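Presented below is the structure to which this report refers.
Any read-out appearing in this document is the output of simple, stated calculations on the displayed coordinates, not a laboratory observation. Note that the structure is a prediction, hence the values are computed from the model and not measured. Don't worry about glycine lacking a Cβ; one is built from the backbone with ideal geometry, like all the others, and counts go over all protein chains shown.
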Amino acid sequence: MEKLIIPEQDIINALCVYISRKKQVRPEEVEVELMYDDDYGFSAESYVNGRKQVLIAQNIIEALRLWMEEYMNIDPYIGIKLVLDDEQGIIAVTR
């Protein structure tokens, strides 16, 4: 399979769906901010009903797997790598 690049907006959408299922709200009720830190790597903050939850890179990958399987009809267990791109922001690349 060829390399697939998942843009930042799709990562955010995947996280909104992922969190909405865990919190039993609609995806539209979830706000997500992706972050990268040289010391801690990739993470995200989600906000639901005024409450913040910090997500680590593994949570982001888990959300992407859900997104890939249900919305893109792609095998979710292919390798996924988060990448900080100068032009595109935070993206995911499959191997």
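With θ taken as phi - 60° and the Karplus curve 6.51 cos²θ - 1.76 cosθ + 1.60 applied, the whole-hertz 3J(HN,Hα) list for segment 79-95 is x, 10, 10, 7, 9, 9, 9, 4, 9, 9, x, 8, 10, 10, 10, 8, 9 Hz, x standing for glycine and proline.
Residues in segment 50-62 carry Karplus couplings, in order, of x, 9, 9, 10, 8, 10, 8, 3, 5, 5, 5, 4, 4 Hz; the curve used is 6.51 cos²θ - 1.76 cosθ + 1.60 with θ = phi - 60°, and Gly or Pro positions show x.
Applying a DSSP loop filter and a limit of 13 other Cβ atoms within 10 Å to the chymotrypsin sites (Phe, Trp or Tyr not before Pro) in segment 1-70 leaves Tyr40. Just checking my list (i) 0.95; (ii) 1.39; (iii) 1.00 against Rg/Rh (Cα atoms, Kirkwood Rh) computed from this structure; which label fits? Here Rg/Rh (Cα atoms, Kirkwood Rh) agrees with entry (i). The calculated 222 nm mean residue ellipticity attributable to helices in the chain amounts to -11000 deg cm²/dmol, summing -39500 (n - 2.57) over DSSP H runs of n ≥ 4 and dividing by all residues.
Segment 67-95 and segment 45-61 have Cα centres spaced 18 Å apart. Net length available on complete extension from Asp75 to Lys3 is 24.6 nm, with 0.36 nm assigned per residue and the Cα-Cα distance removed. Of all lysines in the structure, those lying under 16 Å Cα to Cα from Lys22, and not within fewer than 8 positions of it along the same chain, are Lys52.
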